[in-house]
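Have a look at the structure below before the remarks.
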Amino acid sequence: QVQLVESGGGLVQPGGSLRLSCATSASISSFDVIGWYRQRPGSQRDFVATITNGGTTFYVDTVKGRFNISRDFAKNTMYLQMNRLKLEDTAVYYCNAIDYGIDYWGDGTLVTVSS
């Protein structure tokens, strides 16, 4: 079974930066698409960013230009670099990977943006 484990969440001030990591039990290259979703307080889980196996990236408009998704094939890890964080970025962030049309999820890591 594919296992995903997020890390890197924590408390950060508005305008600050944070990097989230997602370690996978399988090769990053084996997934069709990997990405990040988030669930803000009182809201549903929403799309944040993805990267396809071919390297094409997609971002929700609210994070475009501030967040960057990347992969480290040697470490079987994907990252979400978050810059110029805003209060509304506060959420539990989940990593996601799709293999053979099946979605795999981590348990999430909490990011709190506060003064």
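The values are calculated or read from the model by the stated rules, or taken from the named source; none is laboratory data. Treat the numbers as computed from the prediction; the structure is a model and nothing was measured. Cβ: placed from backbone, ideal geometry, glycine included. Neighbour counts: every protein chain shown. Each accessible area value is taken on the protein alone, full model and side chains, heavy atoms only, with ligands, DNA and RNA left out. Shrake-Rupley method; radii C 1.70, N 1.55, O 1.52, S 1.80 Å.
Condition test on Tyr104, is it out of contact with any strand residue (DSSP E or B) (no Cβ under 9 Å at 6 or more places or on another chain) and over 14 Å from Arg19 (Cα atoms)?
no
So which pairs qualify, if the first residue must be in the stretch 81-100 and on the phi < 0 side of the Ramachandran plot and open to solvent by less than 10 Å² (accessible area, probe 1.4 Å), the second must be assigned to a strand (DSSP E or B) and among the acidic types (Asp, Glu), the Cβ gap must be under 6 Å, and the two must be at least 6 apart or on different chains?
Cys95/Glu6
Given the structure, is Ala49 surrounded by 14 or more Cβ atoms within 10 Å (Cβ to Cβ), in a loop (DSSP other than H, G, I, E, B), small (Gly, Ala, Ser) and in contact (Cβ under 8 Å) with a residue 24 or more places away in the chain?
Criteria not met by Ala49.
Within the stretch 2-15, can one find any residue that is over 16 Å from Asn96 (Cα atoms), open to solvent by 70 Å² or more (accessible area, probe 1.4 Å) and modelled with pLDDT under 95?
Checking the stretch 2-15: not a single residue is over 16 Å from Asn96 (Cα atoms), open to solvent by 70 Å² or more (accessible area, probe 1.4 Å) and modelled with pLDDT under 95.
For residues that are closer than 22 Å to Gly65 by Cβ and assigned to a loop (DSSP other than H, G, I, E, B), scanning just the stretch 16-42, find the one that is most open to solvent (accessible area, probe 1.4 Å).
Arg40
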